[in-house]
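The values are calculated or read from the model by the stated rules, or taken from the named source; none is laboratory data. Being a predicted model, the structure only gives us computed values, none of them experimental. For neighbour counting, all protein chains shown are included, and Cβ atoms are generated from backbone atoms with ideal geometry for every residue, glycine included.
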Amino acid sequence: MGTKEGCAEGDCGACTVALGRVRGGRVHYEPVNACILLLGQVDGAELVTVEDLAAGGELHPVQSAMVDAHGSQCGFCTPGIVMSLFTLYHASERPLSREAVNDALAGNLCRCTGYRPIVDAALQACGEQPRDAFSTNAEHNVQGLTALADGQDVFIGDETRFFAAPASEDSLADLYARHPDATLVAGCTDVGLWITKGMAEIEKVIWLGRAAGLDVIEEASDTLGIGATVTHAEAHPSLARIDPDLGELMRRFGSWQVRASGTVGGNIANGSPIGDLAPALIALSSALELRHGDATRTIPLENFFIAYRRQDRVPGEFVRRIVVPKLKGHEVFRAYKISKRFDEDISAAMGAFKFTLDGRRIAEARVAFGGMGATPKRALETEQALAGLSLDDPSSWGEAMAAIARDYQPLDDHRSSAAYRATVARNLVFKALSETASGETRATRIIGQRDALQAAE
Ligand SMILES: Cc1cc2nc3c(=O)[nH]c(=O)nc-3n(C[C@H](O)[C@H](O)[C@H](O)COP(=O)(O)OP(=O)(O)OC[C@H]3O[C@@H](n4cnc5c(N)ncnc54)[C@H](O)[C@@H]3O)c2cc1C
Ligand code: FES
Ligand code: FES
């Protein structure tokens, strides 16, 4: 009864609950938006709601801190905030920074208290070693959850209407080939909204979260293989190691709740023209592995997006893996997410650039944008105009900036006008060039401005 529903679309965090799963021999708690979570997705996990926190008549440390810091007024957001703090309490790096707290709370809106007391409560409670009923019972919980992992396929319903959770990639391939009309669900951060906002009734659901092997990250010396059901939260550190801009992109991807549920495969497979990962991974020359029945094929990621919401994927075929080449010594990467809010917002435009340098000259460029057309797409004319440019001669950059207008017919919608997108894309070409020329990003980023202000204070 404590869990609240506000927006019913994953934006406000009032419905936040925690899911605990065993990884590396211990239970990891992550916040999720219950409003867009299917019951079957809780399979095999420990579900913790706000009612579970107080023990033996004592408030949980995060609840006490919220009381001490006056972190609640009307209280509607409070159960969700307390659950996000509970996951931070169990997950946080120590010492805990204010910035880490802000990141952790980006998916929780409060409309009356104001965030300062809530952040204070987080800093008070979450910087210490966890000491609560969950840490005391940790071993027992690991045993209980491990016993649930029986590796069996789950199938509830009949051939016309079912919820299925295949336990292996083979049984997924077999089931989906037999039911190509089924809806695949990974993190449900898109599909959930079809249900809560579109009132869709989905007859056949195949949840991918139980399929062993699809959730694996494979690090090789020159590539990163990301299984389709790897969540954004799991992929974040590996992507950040390829380039800090990818790390920053993932930090700003939705909220912690969305990153804990949403998957890399779901972000690609949904074919959204404004998805964040596709442009970045296209600029990095990534490849996409698809599987249908026993047959697997690999295509360049950019070829997957054919037209608005139409992908190169036959009925019964699914995304199994994305292979991302790592940057070589003479390659430079830049990615820019343009959105109205810094945190927890969908892009108006998202531009990604990979320059192959020959000294101070651009030998080759790969540029891809989202939000600039019906699909995420490479900017071939701009790439051509960038090749051969000197980083030391800004007066020669104009043609490459102008070329972007020939590459795209931008979207015109409530996020931004076509004219705004066209201007911003042109400016991002300049920004990528000037940042590469100077090797400096502080002066051109909000983060850099903030650091400068703090230093001045
Ligand atoms: C509050 C909120 C904030 C968000 N912020 C961002 C953001 O900042 N940037 C951004 O890009 N997106 C954002 N999203 C959109 C969404 O979270 C992402 O696109 C996410 O990656 C989708 O992954 P999922 O696993 O949840 O997909 P699901 O909802 O499970 O599935 C999405 C689609 O992909 C299909 N699918 C899933 N997996 C596969 C597979 N392996 N093979 C074939 N088809 C598959 C499904 O059938 C469905 O059509 C946001 C969403 C919400 C609700
Ligand atoms: S009710 Fe707003 S995120 Fe779930
Ligand atoms: S206390 Fe009222 S919305 Fe946060």
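Structure data summary
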{"read-out": "Qualifying residue in the range 184-202 (condition: closer than 28 Å to A8 by Cα, among the acidic types (D, E) and either near ligand 1 (Cβ under 9 Å from one of its atoms) or in a loop (DSSP other than H, G, I, E, B) (or both))", "value": "yes"}
{"read-out": "Residues located in the range 359-382, provided they are part of a loop (DSSP other than H, G, I, E, B), more than 17 Å from S347 (Cα to Cα) and in contact with a Leu (Cβ under 7 Å, 6 or more places away or on another chain)", "value": "R360"}
{"read-out": "Qualifying residue in the range 4-11 (condition: touching a Pro at 6+ places or on another chain (Cβ under 7 Å) and either within 16 Å of ligand 1 (Cβ to nearest atom) or not assigned by TED's automatic domain parsing to the domain that holds F253 (or both))", "value": "yes"}
{"read-out": "Residue ID - surrounded by the most Cβ atoms within 10 Å (Cβ to Cβ), chosen from residues in the range 345-364 that are farther than 23 Å from L391 by Cα and out of contact with any Asp or Glu (no Cβ under 7 Å at 6 or more places or on another chain)", "value": "A349"}
{"read-out": "Where T356 falls short, out of the listed (1) in a helix (DSSP H, G or I); (2) farther than 14 Å from R426 by Cα", "value": "(1)"}
{"read-out": "Flag if F162 is outside the structural domain of A177 (by TED's automatic domain parsing), at pLDDT 95 or above and not hydroxyl-bearing (S, T, Y)", "value": "no"}
{"read-out": "Matching residues in the range 106-133 - criterion: being surrounded by 17 or more Cβ atoms within 10 Å (Cβ to Cβ), without any contact (Cβ under 8 Å) to a residue 40 or more places away in the chain and under 21 Å from G254 (Cβ atoms)", "value": "C110, V119"}
{"read-out": "Selected residue (criterion: nearest to ligand 3 (Cβ to nearest atom)) from residues of the range 80-132 that are of a type in the set (F, W, Y) and within 23 Å of the chain's Cα centre (by Cα)", "value": "F86"}
{"read-out": "Hits in the range 402-422 - residues which are closer than 14 Å to Y336 by Cα and surrounded by fewer than 15 Cβ atoms within 10 Å (Cβ to Cβ)", "value": "none"}
{"read-out": "Options T189, T146, T160: the member that is polar (S, T, N, Q) and within 24 Å of the chain's Cα centre (by Cα)", "value": "T189"}
{"read-out": "Some residue of the range 67-74 being within 16 Å of ligand 1 (Cβ to nearest atom) and surrounded by fewer than 15 Cβ atoms within 10 Å (Cβ to Cβ)", "value": "no"}
{"read-out": "Of all residues making up the range 76-96, the number that are free of Cβ contacts under 8 Å to residues at least 60 places away in the same chain and surrounded by 14 or more Cβ atoms within 10 Å (Cβ to Cβ)", "value": "7"}
{"read-out": "Matching entry among G25, G13, G6 (being within 16 Å of ligand 3 (Cβ to nearest atom) and on the phi > 0 side of the Ramachandran plot)", "value": "G13"}
{"read-out": "Meets criteria (hydroxyl-bearing (S, T, Y), within 16 Å of ligand 2 (Cβ to nearest atom) and under 30 Å from P166 (Cβ atoms)) for T87", "value": "yes"}
{"read-out": "Looking only at the range 90-110, and only at residues there that are out of contact with any Gly (no Cβ under 8 Å at 6 or more places or on another chain) and among the charged types (D, E, K, R), the one that is nearest to ligand 2 (Cβ to nearest atom)", "value": "D103"}
